[in-house]
Each structure stands twice: as C-alpha cells, then as structure tokens.
Amino acid sequence: MQKTDDMLQYYFLFFSGQYMFFKKKYIDAINYYKLAEDKLIKIEDEIEKAEFYYHLAISYYHIDQYFFSLAYAEKALTIFREFEDYAHRSISSEMILGANKLDLFRYESAYEHYSHALKFAKAKQIPESEGKAYHNLGILYIRRNMLSEAKDCFKNALQLQDYIQSINGLKSIYNLTHVLYKSGHIEEAREWYDKGLKRAEKEGDKEYLAKLTLVNTLYDEYNESVLTNSLDILEKLDLWNDVAELTLEVGCYYKKSDDIKNAAKYLEKCIHARDQILKVTEELK
C-alpha cells in the first residue's frame, strides 16, 4: 500500500512539473520535479527514470543552470541508449547536451553532439528529430555569425513535413525569418514572416507573435511603439534570455546607426534582463 501511495505521489508531482513547464514556469516546474525526485527511488521502470532525468535536464537548461542540466541529460542518455524503441529520446538527450555546450561557448563539442544527433536521426528515419538537429545546428551557426549556413539549416529543417507541423516548426520559421532579415534578404524574410505570423496567430502563440513582430519592425517596418510592445510581452512571459539577446541586438542596431541615445536605452534593458535571469535562479528552493 505504501509503495502505491509513493508512486501516486511521484506521478502527481511529476505531472505537476510538466504542467508548469508547459506554462513556461520553469522554476515552479523544477521545484515540483525536485520533490518528485525524492520518490523516484520507488520507481523500478528504467524508462520512467530516464524520462524524469530528461525533463529535469530541459528545465534546468531553460534557466541557464547548465551543469545541472548536463548531469541529468547524461543520466537520461545513458538509459535511453539501452532501449531501441527510444531512439528519439536518445537523440533529444544528446541535443540537450549540445545546447548546454553551446551556451558554455564550447562550440566544437556542441557541433559534435548536434552532428551525431542528425546522423542518428537520419539513420533511424525520424524526421521530427532530424528537423530538430538541423534547427539546433542553425542556432549554433547564428551564434558564430555564420548566417548563410544557419539559413541553410533552417531551410533543411522546414523541408521535413513531420517537423514543420510539430510544435518546433514555428521556432525554425521565426529563426529563418530573423536570419534572412539580418543578412539583408528582405523579400524572402517577408514571405517567412507572413507564414510565421499566420501560424502564431492561429495557435495563439504570444511568444512567437512578439518575436516575429519585433524582428519585422526592427529590420523592415520600423515602429518604436511596436518594438516596445513586443519586448513588453516577452518580459511579461518571463522570457528573460530572449529579452537579453534581443535588446542587445536592438542596442547594437542603433549603435551602428549612430543613435547613441537609443543604443544606451536598449543596452540598459539588456543589463536589466540579465539581472532578472540571476534573480530567477535564486528562486529555486
């Protein structure tokens, strides 16, 4: 009876964590997961344990706790590799490792993880995972300011129907739009912007509505109030990593235009966003 009670408590806490993650309340998700971890010893199924490690790794990654994320992703990958039917989870776990390495500026190591994940996804014929791998390679190339290579990766991802229709498809549409605008391909950027905007509106995705609107107004149809409103939405969603990256980009954009006043304004917003990231991590119990 006690074992059954422990399992019920575990699943209640685990699913509560998943719900909070879905709501993008990552701190709350982690706090639930950590409570669930105390009950994990009662779970005998190895796949259940791997799923737990996998979800905790993702949550830690979202609040920049890279070393915690790496540790749990390694645990998940070790288990998933033992089960042929969970190849998609092995690939995803490896990409979490790559994402952490990327944010730690370990570019070569990140590239190795993403390339291996892509090769494995192709071999196992898992198009959604293949698309994710292309997407992540695109993000890596953006970080290294290799915009042409990034563009090709996002386009490769968006050629895969299983991927473009998945929850991650909109992310690649946004990033391709962003890269095209930054590299001066305005007409093509507008085409993808329109596709992304329609999809974000249909799905009620406030995050990507704001992001798409922001890059469009910055590089194409400039409007200061629209720019400010888009950033306000991202702040209300507590997406401080995105706010930090985008305000830095906006600040640099103004700096290149010799608009020192606005450059200083947005660089100050970037500093504020980074302060919020630090505060968020302090909320962990």
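Descriptive notes on the structure:
- Selection within the range 38-49 - within 22 Å of TYR86 (Cα to Cα) and surrounded by 15 or more Cβ atoms within 10 Å (Cβ to Cβ): LEU40, ILE43, ILE47, GLU48, LYS49
- Condition met for GLU221 (part of a helix (DSSP H, G or I), without any contact (Cβ under 8 Å) to a residue 12 or more places away in the chain and not basic (Lys, Arg)): no
- Qualifying positions in the range 28-44 - over 14 Å from ASP6 (Cα atoms) and of a type outside the set (Gly, Ala, Ser): ASP28, ILE30, ASN31, TYR32, TYR33, LYS34
- Only one of LYS34, LYS101 that is part of a helix (DSSP H, G or I), of a type in the set (Lys, Arg) and assigned by TED's automatic domain parsing to the domain that holds GLU130: LYS101
- With respect to being among the β-branched types (Val, Ile, Thr), over 19 Å from GLY98 (Cα atoms) and buried (at least 18 other Cβ atoms within 10 Å of the Cβ), THR228 falls outside the description.
- Some residue of the range 220-232 being outside the structural domain of LEU158 (by TED's automatic domain parsing) and under 21 Å from SER148 (Cα atoms): yes
- Pairs are defined by a Cβ separation below 6 Å, a sequence spacing of at least 6 or placement on different chains, a first member in the range 145-165 that is surrounded by 13 or more Cβ atoms within 10 Å (Cβ to Cβ), and a second member that is part of a loop (DSSP other than H, G, I, E, B); the pairs so defined are LEU147/SER183.
- Criterion (surrounded by fewer than 20 Cβ atoms within 10 Å (Cβ to Cβ), touching a helix residue (DSSP H, G or I) at 6+ places or on another chain (Cβ under 6 Å) and of a type in the set (S, T, N, Q)) met by exactly one of SER59, SER16: SER16
- Conditions (1) without any contact (Cβ under 8 Å) to a residue 40 or more places away in the chain; (2) surrounded by fewer than 24 Cβ atoms within 10 Å (Cβ to Cβ); number of the one not met by GLU128: (1)
- Qualifying residue in the range 178-185 (condition: assigned to a helix (DSSP H, G or I), surrounded by fewer than 21 Cβ atoms within 10 Å (Cβ to Cβ) and not assigned by TED's automatic domain parsing to the domain that holds TYR114): yes
- Pairing residues of the range 196-212 that are farther than 13 Å from LEU231 by Cβ with residues that are among the hydroxyl-bearing types (Ser, Thr, Tyr) and outside any helix (DSSP H, G or I), at Cβ distances under 6 Å and at least 6 apart in sequence or on separate chains, gives no pairs at all.
- A single member of LEU170, LEU209, LEU214 is in a helix (DSSP H, G or I), at negative phi, in contact with a Lys or Arg (Cβ under 6 Å, 6 or more places away or on another chain) and of a type in the set (A, V, I, L, M, F, W, C), and it is LEU170.
- Here SER148 does not fit the description of being assigned to a loop (DSSP other than H, G, I, E, B), among the polar types (S, T, N, Q) and assigned by TED's automatic domain parsing to the domain that holds ASN100.
- The listed residue being touching a residue at least 12 places away in the same chain (Cβ under 8 Å), part of a helix (DSSP H, G or I) and more than 18 Å from the chain's Cα centre (by Cα), out of ALA121, ALA133, ALA117: ALA121
The values are calculated or read from the model by the stated rules, or taken from the named source; none is laboratory data. Quantities reported herein were computed from a predicted structural model and do not represent experimental measurements. Cβ coordinates were reconstructed from backbone atoms using ideal geometry, including for glycine residues, and neighbour counts include every protein chain displayed.
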